[in-house]
Amino acid sequence: MGGWAIAVHGGAGVDPNLPLHRQEEAKQLLTRCLNLGISALNSNLPAIDVVELIVRELETDPLFNSGRGSALTEKGTVEMEASIMDGPKRRCGAVSGLTTVKNPVSLARLVMEKSPHSYLAFSGAEDFARQQGVEVVDNEYFITPENVGMLKLAKEANAILFDYRIPNGCETTCGANVESPLHMNGLPISVYAPETVGCVVVDREGRCAAATSTGGLMNKMAGRIGDSPLIGSGTYACDLCGVSCTGEGEAIIRATLAREVAAVMEYKGLGLQEAVDFCIKTRLDDGKAGLIAVSKNGEVAYGFNCNGMFRGCATENGFMEVGIWE
C-alpha cells in the first residue's frame, strides 16, 4: 500500500475570463476541502466516509454547481443528482431529481446502505429521504441570485448553458442566431462551462471510493439526468481505483468514462495516470470533460481536454496541489 490519497474537483471547462477573485475563491474552497480530507484520513476515517464528507462540504457552499448554488432548470427550479461508490465490494447508491434534500450525496449513500436498490429518483427519492430523516429544505434554499440572472441570459439566448460561468461578452455573442462550434448530442450549444463537484479517496487500507454531485445544466429540460448519478459514467470505484468525472454529461455517458479508466487499468495493464490520459484522449470523441482518480497504491491523477478544471489533490507523503488551468 502506498498510503492515502485524495483528489477533489469543482468542475471542468472554466471560463478563461473568470475574474481573479473568483479563481481565488475556488482555490480557497478546494484547499479547505483538501485539508478537511487530509485530517480525516490521518484519523483513519474510511475512504467512503471521506468522500461523503468532502462532497457534503461542496454541496453546502454555493460556489460550485451542486446543492446550494445548483444550476436552474428551464422552469427556474433546482433538480439535483448525486452518486457514491465504495470500491471494495462495488456497493453504490445514486439519486436524481431531488428538489428538497439539502445534501444529495448523503441520500445517495443511504440508498446504498439502507435500501434494496442502487438508484432512486424524483418523488421516490424524496419519499425515501423523509423516511430516513435526512435534512430537507425548500427549493428556494438552493437558488442563488446569480443563477437566476444566468437563467435569464440562457433563455434570452435560447440556449442550454452548462452553468453560470459565462465568458465576458456572451450577452452579445451567444444569441440563438450565432452559429456555435460546440454540440451536445448533435445539437449546438452556446457556452461550454460545466461545473460539477466530486471527490475520490484511497485510504491507508487501500480502499477506494468516489462520489459526485451536481445541479446539472443551466436551462436544462425538467427531468434531464446527466452522468453524475450514473455508476460507471460519472462515478466509479472498485478494488483498483476510484474515479469522478465532470464536463459534458452526454459525452461522459456515451464513453462510460469512469468505468473505462478502471477497465484499461485492468485489461490493458496501464498505470493510473496512463489510464486517465488514454481515456481523456480516446474515449470522448468531440466531447469536453475531465476527471480525477486515485489508485489502491496511493496514486492520484487527473486529466481534462478543455481549457481548465477546478481541482486539488494530496497524498500522504506530503504532496499537495490546487489548480485550475493546465
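The values are calculated or read from the model by the stated rules, or taken from the named source; none is laboratory data. None of the values given here were measured: they were computed from a predicted structure. Cβ atoms come from the backbone with ideal geometry, glycine included; neighbour counts cover every protein chain shown. Note: accessible area is taken over every heavy atom of the protein model, side chains too, but ligands, DNA and RNA are not part of it. Shrake-Rupley method; radii C 1.70, N 1.55, O 1.52, S 1.80 Å.
Remarks
- Accessible surface, per residue, of the chain when the full set of protein chains is kept, probe 1.4 Å, Å²: 39
- With a Cα cut-off of under 16 Å and a minimum spacing of 8 residues unless on different chains, the lysine pairs in the chain number 8.
- Ranked by solvent-accessible area (1.4 Å probe, protein heavy atoms only, all chains present), the residues MET80, MET265, MET320 order from largest to smallest as MET320, MET265, MET80.
- On the chain, 50 percent of the accessible area sits on carbon and sulfur atoms, based on a 1.4 Å probe.
- Bins of 5 Å, starting at 0 and running to the largest distance - Cα pair percent for the range 256-296: 5, 26, 39, 20, 8, 1, 0
- Extension gain from PHE319 to GLU205, taking 0.36 nm per residue of separation minus the Cα-Cα distance: 39.1 nm
- Taking 19 Å as the cut-off, the amide N atoms of the range 273-300 that come nearer than this to a point 7 Å along the Cα-to-beta-carbon line of ARG254 belong to 278-291.
- Virtual spin-label span in nm between HIS21 and GLN131, 7 Å along Cα→Cβ: 4.7
- Cα long-axis angle, helix 257-268 against the chain (0 to 90 degrees, to the nearest 10): 40
- Proximal charge balance of SER123 [Cβ under 15 Å; K/R count +1, D/E count -1]: -3
- Formal net charge of residues neighbouring TRP4 (Cβ-Cβ distance under 10 Å; K, R +1; D, E -1): -1
- The range 6-138, dipole about Cα centre (Lys/Arg Cβ +1, Asp/Glu Cβ -1), debye to the nearest 20: 320
- Helical runs (DSSP H, four residues minimum) scored at -39500 (n - 2.57) apiece and divided by the length of the chain put the mean residue ellipticity at 222 nm at -10000 deg cm²/dmol.
- LEU230 accessible area, assembled protein chains, probe 1.4 Å, Å²: 50
- A Gaussian network model of the chain, with springs between Cα atoms under 10 Å, assigns the largest mean-square fluctuation among LEU107, LEU217, LEU18 to LEU18.
- Residue order for LYS155, LYS220 - accessible surface, 1.4 angstrom probe, largest first: LYS155, LYS220
- The stretch between GLU140 and THR282 holds 47.0 nm of extra length on full extension. This uses 0.36 nm per residue minus the Cα-Cα distance.
- In percent, rounded to a whole number, the relative contact order of the chain is 27, using alpha-carbon pairs under 8 Å and six or more apart.
- Overall dimensions of the range 58-115 by Cα: Rg and Dmax, Å: 12.3, 40
- With a cut-off of 12 Å between beta carbons, the residues surrounding CYS92 carry a summed charge of +3, where Lys and Arg count +1 and Asp and Glu -1.
- When the chain is treated as a GNM with alpha-carbon contacts under 10 Å, the residue of ALA12, ALA154, ALA209 showing the greatest mean-square fluctuation is ALA154.
- PHE319 accessible area, assembled protein chains, probe 1.4 Å, Å²: 90
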